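*Asks:* Handing you a structure now.
The numbers here are math on the coordinates, done by the rules we state, and not lab data. Just so it is clear, the model here is predicted, and its values are computed rather than measured. Note that each Cβ is placed from the backbone with ideal geometry, even for glycine, and that neighbours are counted across all protein chains shown.
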Protein chains: 2
Amino acid sequence: MHEKFMREAIALAVENARNLWGGPFGAIVVKDAQVIARGANRVTATNDPTAHAEIVAIRAACQALGSFHLEGCEIYSSCEPCPMCLSAMYWAKIRGYYYGNTRFEAAGIGFDDAHIYQEVAKPVEERLILGARLLAEEAAEAFAEWMRSAAKVTY
Amino acid sequence: MHEKFMREAIALAVENARNLWGGPFGAIVVKDAQVIARGANRVTATNDPTAHAEIVAIRAACQALGSFHLEGCEIYSSCEPCPMCLSAMYWAKIRGYYYGNTRFEAAGIGFDDAHIYQEVAKPVEERLILGARLLAEEAAEAFAEWMRSAAKVTY
């Protein structure tokens, strides 16, 4: 079963690269042994740097289920998720993921996954992209507003 | 100038929380001292766990510029980006980012940002979400297909 689903994710990745639709990445979301959504990389085709296969598949799966969580779901991805996609899996409460290629093999064909893993793990002030804090007191008001709301929808 | 832009991001966050449109997070993308896109958290409103303020703003900025990269752009976010949003900034080639609240303050009002930072930094096999490799040899075919293509669009 695992291999069948991974083969489908790999087939999406091969098709995507062959047709010049985007990077060589495909992913599917599975729940109760059924495929509920598919995704392939659409970064360059849609001018969307967040349109990685896993993100596309997670967004589609959430639409299919009418939920912002994917409890009990698993993702099969042709490549190890980058930190963006891995974090999206945590936000979506995915149960687990399977992958074919690794972040290091992705680096070998020109993708930044391994580099971004290194950067994310660093303290803000040691990263290559500048990050700085501003107006902490004023920003706290947004969180205070959230805490005051009894009707808020948490996630 | 920095403070003016940050105040706008904070205002988006406060408005979002007050109107129950989503979490208390707002972000704007600035290029050449002009706001080119805005975003607020829409996770619960749109059933999209990836619809964080920064992701919404990055996607909108890319549409506005007709590009999958945002070189020379900066993001002002009412809260420190989570690893998903930070990684999206790397993929988009953002120059820098400013933030108001921190990941630890976000944790204090119930959001998982700090937890996900810890998870992303761990080796695959030590994370709380199961990750496992499958069919490495077959997956390599997707990367080989990519390398064979002379017409591919890299990013």
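*Asks:* Any idea what the A:SER149 label distances to the other copies are, label 7 Å down the Cα→Cβ vector, nm, shortest first?
*Replies:* 4.1
*Asks:* Then there is this: Compute the length gained on full extension between B:MET147 and B:PHE104: take 0.36 nm times their separation in residues and subtract their Cα-Cα distance, giving the result in nm to one decimal.
*Replies:* 11.3 nm
*Asks:* Now, a different point. Enter the mean number of other protein chain beta carbons within 10 Å of the beta carbon of each residue in A:76-86, as an integer.
*Replies:* Mean partner shielding for this stretch: 6.
*Asks:* Give me B:VAL30, A:VAL29 ranked fewest to most by other Cβ atoms within 10 Å of their Cβ, as a rough exposure proxy.
*Replies:* Lowest to highest Cβ neighbour count: B:VAL30, A:VAL29.
*Asks:* If you don't mind, there's one more thing I want to ask. Nearest 5 percent is fine: what portion of the DSSP beta bridges confined to the range A:25-154 is antiparallel?
*Replies:* If I count the DSSP bridges inside the range A:25-154, around 70 percent turn out antiparallel.
*Asks:* Then there's this: What is the set of long-range amide H partners of B:ASN101 at a cut-off below 5 Å, with H atoms built 1.01 Å from backbone N?
*Replies:* For B:ASN101, whose amide H was placed from the backbone, the distant partners under 5 Å are B:CYS79, B:GLU80.
*Asks:* Can you give the FRET efficiency for A:HIS115 and A:GLU71, using 1/(1 + (r/R0)^6), R0 = 30 Å, r = Cβ-Cβ distance, to the nearest 0.05?
*Replies:* Approximately 0.40, to the nearest 0.05.
*Asks:* Using a 10 Å cut-off on Cβ atoms, rank the peptides A:104-115, A:65-76 from the highest mean neighbour count down.
*Replies:* With the highest mean Cβ count within 10 Å placed first, the list reads A:65-76, A:104-115.
*Asks:* Let's see if you can work this out: charge +1 on each Lys and Arg Cβ, -1 on each Asp and Glu Cβ, no other charges. What is the dipole magnitude of the range B:65-153 about its Cα centre, in debye to the nearest 20?
*Replies:* Roughly 260 debye, rounded to the nearest 20.
*Asks:* Something else now. Using only the Cα atoms of the protein assembly as shown, what do you get for the radius of gyration and for Dmax, in Å?
*Replies:* 18.5, 57
*Asks:* Cα-Cα over 21 Å: which of A:LYS122/B:LYS93; A:LYS31/B:LYS122; A:LYS122/B:LYS122; A:LYS4/A:LYS31?
*Replies:* The pairs that break the limit, which is 21 Å between Cα atoms, are A:LYS31/B:LYS122.
*Asks:* Related question: How large is the helix-only mean residue ellipticity at 222 nm for chain A, computed as the sum of -39500 (n - 2.57) over DSSP H runs with n ≥ 4, divided by its residue count, in deg cm²/dmol to the nearest 500?
*Replies:* Rounded to the nearest 500, it is -13500 deg cm²/dmol.
*Asks:* How far is B:GLN63 from the same spot in each other copy, in nm, shortest first, if each label point sits 7 Å from Cα toward Cβ?
*Replies:* 1.3
*Asks:* Turning to a different aspect of this structure: Per-residue mean of other chain beta-carbon atoms within 10 angstrom of the beta-carbon, peptide B:6-16?
*Replies:* Mean partner shielding for this stretch: 4.
*Asks:* What are the distances, in nm and sorted shortest first, from the label point of A:GLN118 to the label points of the same position in each other copy, with each label point placed 7 Å from Cα along the Cα-to-Cβ direction?
*Replies:* Shortest to longest, the spacings are 2.6 nm.
*Asks:* How big is the charge dipole of the protein assembly as shown about its Cα centre, in debye rounded to the nearest 20, if each Lys and Arg gets +1 on its Cβ and each Asp and Glu gets -1 on its Cβ?
*Replies:* Around 540 debye, computed over the protein assembly as shown.
*Asks:* Let me check I've understood the local charge: for A:LEU65, count other residues with C-beta under 15 angstrom from its C-beta, Lys and Arg +1, Asp and Glu -1. What total comes out?
*Replies:* Surrounding charge for A:LEU65 is +1.
*Asks:* Could you estimate the translational diffusion coefficient of chain A from the Stokes-Einstein equation, with Rh from the Kirkwood formula over C-alpha pairs, at 20 °C and 1.002 mPa s, in whole µm²/s?
*Replies:* For these conditions, the coefficient is 126 µm²/s.
*Asks:* Continuing with this model, one more query. I'd like the mean, over residues of B:122-129, of how many other protein chain beta carbons sit within 10 Å of each residue's own Cβ.
*Replies:* Mean shielding count: 3.
*Asks:* I've got another one for you. Provide, in order from the shortest bin, the percent of all Cα-Cα pairs of the range B:79-135 in each 10 Å bin, continuing until the bin that contains the maximum pair distance.
*Replies:* Reading the bins upward from 0: 21, 40, 31, 7, 1.
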